[in-house]
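The values are calculated or read from the model by the stated rules, or taken from the named source; none is laboratory data. Since the model is a prediction, treat every value here as computed from it, not as a measurement. When we count neighbours, we look across all protein chains shown, and the Cβ atoms used for this are built from the backbone with ideal geometry, even at glycine.
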Amino acid sequence: MQTWDYIEYLAWGLSALLGLFMVADWLKTDTTYSEDVLTSSREGELEAMTEESFKG
Amino acid sequence: MADFDITSKVQDGMGPHGTKVGLLRVLGPAHVWALGVGIVLVGEYMGWNFAVGKGGAYAALLACWFAGILYTCVAMIDSEVTSTVAAAGGQYTQAKHIVGPLMAFNVGLYLVFAYTMLEAANAITAGYLVSVVATMTGYTGALDQRPFIVLVIMFLAWLNYRGVLATLTFNLVITAIAFAAILIIFLSTSGIVGGGIMQHAALFEGHELPYGWIGVLAAMHFGLWYYLGIEGTTQAAEEVRSPARALPFGTLAGIMTLLIAATLTWYVCSGVLPWEFLGDGVSGSVAPLFDTARLSGSTGLVWLLGFGTLFATLASANGCINDASRAWFAMGRDKYLPSWFGAVHPKYRTPYRSIVFLVPIALIFALGAPLDQVITFSILSGLLEYTFMPLNIILFRKKWPMGVIKRGYEHPFHPLPAITLLALCAVTFFAVFLGYGTQLVAMIGFYIVVSLWFHFRRYRFIDRGAQFTMPWPRPQGY
């Protein structure tokens, strides 16, 4: 078996680890915080402040 | 801009109207530059040379400059609108405010498809590059490219998941190296530093325009490849510290960088590689800058351009994940898609569900679709998006004329850039039709079907009153 064969396995392993990290963290986050908090982002907040300043 | 500190811990990502978790405002103009140029620069390293195959080297240069005009118009228009509508989603959010929901839905899909397809194409290319390295280092078997394709997508998705600042700082570093590599190979091979190896006159003689002017027209299709993706800077709008300054500055600096990089790339490659070899991106020159470095006889240049090619590929895929996820997130937040996608990670402050959701889609395209088809669908989605932009800016200026609302940047000579952009889009549509007519018709058919689905099935879920978030006065004529 050549070095590149080992590198192939390493790439599969790293990919699986990174995927597992994301899925595990995603599930942990979803169970720790309420849906209201997670989806509480609102568009246009900065613009509201900017425009108020522009007019004022 | 207002004289408040938007980086303060009190207001950082936390608006005055009840936002609890928002995207993090941590980026500067350099990150915006890295996002736009990073997505595009891979097009200088590979792909643009198909334009040479369509019409010869001069046709590729004309396509480079005409596409440069097209994208300069895109950059100017985008800079004005997005520095005013500074929210995640970029052109989708612009369309929502300026044109209407159906246009916004379509533009959102153009964005997600263009970037996800491009990400898949980049991952395929990275897998191929690893196999080239394996062969160069003496590997004799047939390397399985799949683990490297998957690793590229998973690593960059993980980086994006963990935070935007690290993601785009990484992009800044590798994009700067890839751009510097183009400058260095130009200086080293053109005769400015050391001996020159350019042979333009000899290589072009008798092959000035091998297919005539129709070849120039056909070359426009791949002329887009020099700049495709610079409009992605707008997706950073909700994460830059100063949108009104950073977005126009980063975007316009980005298009200037690309105009220089594209012209130098054409000059260097067409002066060394015969047009028949250069124009065949499949069995001829897959990576023209790297091939030019190999012909230069300099080992240092070979390594530099080898890393440049890999870095440009990674930067592009990285920026695409960032942009596709922001567009998907923004559509979820507005309920154009299930609102579940509109979630922000409370610790990393990224649209984590959108990032994770798009990973398997990118993997399916990267592992199961041919590269040329993936690239073509990406280009077509981009082209549809550019066609929307001139209509968007004309309506924007008409509804909210100058002085009515605060603009971070005002682009000059309106409506000349909009008309020029529309005309060049029409030319490019015809060029694409010449080579990929079936795909063009199929793609337009796809968008018609999803538009019908949106109109009859999805629109009922949208909170129409909450669509317009900008604190602007009522548009003129309404």
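Of the residues making up the range A:1-15, those that are facing chain B (nearest Cβ under 8 Å) and small (Gly, Ala, Ser) are A:ALA11, A:SER15.
Restricting attention to the range B:130-137, does a residue exist that is in contact with a Gly (Cβ under 9 Å, 6 or more places away or on another chain), within 8 Å of chain A (Cβ to nearest Cβ) and not basic (Lys, Arg)? Explain how you work it out, then say what you get.
Keep residues of the range B:130-137 that are in contact with a Gly (Cβ under 9 Å, 6 or more places away or on another chain), which gives B:132-134, B:136.
Next, from what is left, pick out any that are within 8 Å of chain A (Cβ to nearest Cβ): B:134.
So of that shortlist, the ones also not basic (Lys, Arg) come out as B:134.
Within the range B:130-137 (the criterion being in contact with a Gly (Cβ under 9 Å, 6 or more places away or on another chain), within 8 Å of chain A (Cβ to nearest Cβ) and not basic (Lys, Arg)), the answer is yes, since at least one residue qualifies.
Of all the listed residues (B:LEU363, B:LEU383), the sole one being touching a Phe, Trp or Tyr at 6+ places or on another chain (Cβ under 9 Å), hydrophobic (A, V, I, L, M, F, W, C) and surrounded by 17 or more Cβ atoms within 10 Å (Cβ to Cβ) is B:LEU383.
Restricting B:ALA343, B:ALA315, B:ALA324, B:ALA330 to those that are within 27 Å of B:TYR436 (Cα to Cα) and aliphatic (A, V, I, L, M) reduces the list to B:ALA324. Scanning the range B:206-222 for residues that are in contact with a Ser or Thr (Cβ under 8 Å, 6 or more places away or on another chain) and modelled with pLDDT of 90 or more yields a single hit, B:MET220. With respect to the conditions (1) over 24 Å from the mean Cα position of the chain (by Cα); (2) surrounded by 11 or more Cβ atoms within 10 Å (Cβ to Cβ); (3) more than 21 Å from B:GLY89 (Cα to Cα), B:LYS406 falls short on a single one, namely (3).
Scanning the range A:35-49 for residues that are surrounded by fewer than 21 Cβ atoms within 10 Å (Cβ to Cβ), at pLDDT 85 or above, at the interface with chain B (Cβ under 7 Å from one of its Cβ atoms) and not in a loop (DSSP other than H, G, I, E, B) returns a single hit, A:VAL37.
Under 7 Å between Cβ atoms, at least 6 apart or on separate chains: pull out the pairs that start in the range B:250-261 with a residue that is in contact (Cβ under 8 Å) with a residue 12 or more places away in the chain and end on any residue that is surrounded by fewer than 20 Cβ atoms within 10 Å (Cβ to Cβ). Listed pairs, sorted by first residue: B:LEU259/B:GLY68.
Kindly establish whether B:SER283 is buried (at least 24 other Cβ atoms within 10 Å of the Cβ) and either part of a helix (DSSP H, G or I) or over 23 Å from the mean Cα position of the chain (by Cα) (or both). Considered against the rule, which asks whether it is buried (at least 24 other Cβ atoms within 10 Å of the Cβ) and either part of a helix (DSSP H, G or I) or over 23 Å from the mean Cα position of the chain (by Cα) (or both), B:SER283 comes out as no. For first residues located in the range B:190-207 and touching a residue at least 12 places away in the same chain (Cβ under 8 Å) and under 11 Å from B:ALA57 (Cα atoms), partners that are exposed (fewer than 12 other Cβ atoms within 10 Å of the Cβ) and of a type in the set (Ser, Thr, Tyr) and lie 6+ apart or on another chain with Cβ distances below 9 Å do not occur.
Taking the range B:393-438 as the range and being closer than 14 Å to B:ILE98 by Cβ and either among the hydrophobic types (A, V, I, L, M, F, W, C) or in a helix (DSSP H, G or I) (or both) as the test, the residues that pass are B:ILE393, B:ILE394, B:LEU395, B:PHE396, B:ARG397, B:LYS398, B:LYS399, B:TRP400, B:VAL404, B:ILE405, B:ALA418. From the set of residues in the range B:128-146 that are without any contact (Cβ under 8 Å) to a residue 60 or more places away in the chain and surrounded by 15 or more Cβ atoms within 10 Å (Cβ to Cβ), which is nearest to B:THR376 (Cα to Cα)? Selected residue: B:GLN145. Filtered by the rule that a residue be aliphatic (A, V, I, L, M) and touching a Pro at 6+ places or on another chain (Cβ under 9 Å), the range B:298-354 gives B:ALA330, B:ALA343, B:VAL344.
Among residues of the range B:44-59 that are on the phi > 0 side of the Ramachandran plot, those with a Cβ under 9 angstrom from a residue that is part of a helix (DSSP H, G or I) and among the hydrophobic types (A, V, I, L, M, F, W, C), sequence gap 6+ or separate chain, pair up as B:GLY47/B:ALA121; B:GLY47/B:PHE222; B:GLY47/B:TRP225; B:GLY47/B:ILE375; B:GLY56/B:PHE204; B:GLY56/B:VAL216; B:GLY56/B:ALA219; B:GLY56/B:TRP275.
Take the conditions in a loop (DSSP other than H, G, I, E, B), within 19 Å of B:VAL26 (Cα to Cα) and facing chain A (nearest Cβ under 10 Å) and apply them to B:THR140. Does it pass? Against the criterion (in a loop (DSSP other than H, G, I, E, B), within 19 Å of B:VAL26 (Cα to Cα) and facing chain A (nearest Cβ under 10 Å)), B:THR140 does not qualify.
Only one of the listed residues (A:LEU18, A:LEU27) is more than 7 Å from chain B (Cβ to nearest Cβ), part of a helix (DSSP H, G or I) and not charged (D, E, K, R). That residue is A:LEU27.
Quick grid of which residues meet (1) outside any loop (DSSP other than H, G, I, E, B); (2) more than 8 Å from chain A (Cβ to nearest Cβ):
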{"residue": "B:PHE341", "(1), (2)": "yes, yes"}
{"residue": "B:PRO346", "(1), (2)": "no, no"}
{"residue": "B:VAL356", "(1), (2)": "yes, no"}
{"residue": "B:ALA366", "(1), (2)": "yes, yes"}
{"residue": "B:ASP372", "(1), (2)": "yes, yes"}
{"residue": "B:SER381", "(1), (2)": "yes, yes"}
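Just the residues that are farther than 19 Å from B:ASP323 by Cα and either within 13 Å of chain A (Cβ to nearest Cβ) or of a type in the set (Phe, Trp, Tyr) (or both), please, taken from the range B:245-268. Scanning the range B:245-268 gives B:ARG245, B:TRP266, B:TYR267.
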